[in-house]
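Here the structure is laid out as structure tokens; the discussion comes afterwards.
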Amino acid sequence: MKKVERYFYPAVFTYEPGCEIAVDFPDLKCATSGENDDDALLMARELLGCVMYGLEEDNEEIPAPTPLNEVKTNDNERAVLIDVYMPSIRNAQENKSVNRTVTLPAWLNARALECGVNFSAVLQDALKNQLNINR
């Protein structure tokens, strides 16, 4: 099945004096906030990307977005259409680094440190070799 390239979902930005801007995605039942409009928009996009990636990875049903003109708001709220470009989200998740703990004899660790060995690079190269990966 072909994956969706871009998702569009309405978010409700709520403005309260002295508070961050609250951002709620009613269709996705998730929320975030931002210090100002720019920050709130960036946080909304980041959250939308994470949520949609999680739904895709878990093979969960993707809810249909409510049309922007049907989103109900109060006087201190604005409905904003948020979009996220999924190929970049998927790529970032696929290439995300993870930490692993490795156990080495103390003498080997000391010698490697003396020689300025990059442990991560050596482990990556060894794993690629072991798994016959050529990239």
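Key figures for this structure:
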item: Residue list for the range 8-53, restricted to those being among the polar types (S, T, N, Q) and either more than 26 Å from Pro87 (Cβ to Cβ) or surrounded by fewer than 18 Cβ atoms within 10 Å (Cβ to Cβ) (or both); result: Thr14, Ser33, Asn36
item: Residue list for the range 111-132, restricted to those being assigned to a loop (DSSP other than H, G, I, E, B) and either surrounded by 10 or more Cβ atoms within 10 Å (Cβ to Cβ) or hydroxyl-bearing (Ser, Thr, Tyr) (or both); result: Val117, Asn118
item: Cβ-Cβ under 9 Å pairs, at least 6 apart or on other chains, the range 55-69 side surrounded by 10 or more Cβ atoms within 10 Å (Cβ to Cβ), far side assigned to a loop (DSSP other than H, G, I, E, B) and of a type in the set (Asp, Glu); result: Leu55/Glu61; Pro63/Asp27; Pro65/Asp27; Thr66/Asp27
item: Residue, surrounded by the fewest Cβ atoms within 10 Å (Cβ to Cβ), within the range 74-110, restricted to residues that are free of Cβ contacts under 8 Å to residues at least 12 places away in the same chain and hydrophobic (A, V, I, L, M, F, W, C); result: Val98
item: Complete set of residues in the range 77-95 that are modelled with pLDDT of 90 or more and acidic (Asp, Glu); result: Glu77, Asp83
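The values are calculated or read from the model by the stated rules, or taken from the named source; none is laboratory data. Fair warning: this is a prediction, and the values are worked out from it, not measured in the lab. FYI the Cβ positions are ideal-geometry reconstructions off the backbone, even for glycines, and counts take in every protein chain you see.
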